[in-house]
Every structure is written in structure tokens, then in C-alpha cells.
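Here's the structure we're looking at; comments come further down.
The values are calculated or read from the model by the stated rules, or taken from the named source; none is laboratory data. What you see is a predicted model, and the numbers here were worked out from it, not measured in a lab. Here Cβ is always computed from backbone atoms with ideal geometry, including for glycine, and neighbour counts include all displayed protein chains. Note: areas computed on protein heavy atoms with side chains; ligands, DNA, RNA excluded. Shrake-Rupley method; radii C 1.70, N 1.55, O 1.52, S 1.80 Å.
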Amino acid sequence: MYNVHPVYTNWEEEINKVDVCVITIPYVGRMPYLKIASNLKKSVYVEKPFALTVKEHLEISSMFNPNEIAIGFQRRCYKVASDLKDIIVSGIFGSLKTITYNQGYFTLKGGSGYLSDAKLSGGGVIIESAIHSFDQILNYTQAISVTV
């Protein structure tokens, strides 16, 4: 998408030189890298979608200590996200009754690539984009139950 060319190297040797592995390849190809990072006691930052089932989430999580794994929900750090959370928590407009969310028009940068293949991306546009909105809603509300 940004015309950045890969640098080909022996990653199996290079991984020993890092403290944190940033794993941002398509969902379908991550498990071998997660297993290697776990075996080498490397911390990982994994892009979403992290897992498609609770079982898979627990399987991957169990390979690392809690402080060795992070998931890429960086939109939680947006100013508007913290403002919305503060508004909800403060109750300035009263208590939250319900949230209705609709995914509207959306285009993905980068052309057809892996995002257009639901098997590679982990589910397509909904899990690649709307998952951020679902995460923010859960974060704002500290929800313990969700109905979709």
C-alpha cells in the first residue's frame, strides 16, 4: 500500500536480537510466529483480529505471561475515545441505557489484498474494522455481557 519493500533476512536468527515481536501479518499466517516467539520467551504485539473463538484466544494467551502479550486496539488511545468514556462514566447526561451500533459505508486502503479474502483476514471488513468500534464500546461501558 505504501510501496515499502521488504528486507529479506533470516528472521529465525534475527528474532534473537529483539525484545518484542510485532506481528501484523494476516490472521491466517500468525500461529507459527506466535509459537516461535513463545518458545523463545519473546513478548508480542499482535494486530487484531487476535482470535476468532474463546478457545483460540485462551490457547494463544496461555503461551505467554500476561505482561508478554498485547493486542492492537490502539484506537482506545484516541482523544475522542477517552472523552466518550469520561462522558459515560461521569453520568453527565444520566445513566447509559443502550447503545445501537451500525457499520456504515467503509472502504479499506490497499486495494484487494488479503482484506478481501475472509479466510486470510480472519473474517473480512467486520472483524477488521468494526471490531475497533466493538472494542471501544466494551471499553467505555466496562461491559460484562454483549448481545450482537
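Observations on the model:
- Residues considered: Lys79, Lys85, Lys42. Of these, the only one that is at pLDDT 85 or above, basic (Lys, Arg), within 21 Å of Gln136 (Cα to Cα) and surrounded by 12 or more Cβ atoms within 10 Å (Cβ to Cβ) is Lys85.
- Filter result (aliphatic (A, V, I, L, M) and within 18 Å of Ile131 (Cβ to Cβ)) within the range 18-57: Ile23, Ile25, Val28, Val46, Ala51, Leu52, Val54
- Annotation: of all residues in the range 89-148 being hydrophobic (A, V, I, L, M, F, W, C), under 16 Å from Ile25 (Cα atoms) and open to solvent by less than 40 Å² (accessible area, probe 1.4 Å), the one that is modelled with the lowest pLDDT is Leu115.
- Residue in the range 46-53 that is within 25 Å of Asn16 (Cβ to Cβ) and surrounded by fewer than 17 Cβ atoms within 10 Å (Cβ to Cβ) present: no
- Among residues of the range 78-101 that are closer than 21 Å to Val146 by Cβ, those with a Cβ under 8 angstrom from a residue that is of a type in the set (S, T, N, Q), sequence gap 6+ or separate chain, pair up as Ala81/Gln136; Ala81/Asn139; Leu84/Gln136; Lys85/Asn139; Ile88/Thr141; Leu96/Thr141; Ile99/Thr141; Tyr101/Ser133.
- Screening the range 46-76 for residues that are among the charged types (D, E, K, R) and in contact with a Gly (Cβ under 8 Å, 6 or more places away or on another chain) and picking the one that is modelled with the highest pLDDT gives Glu47.
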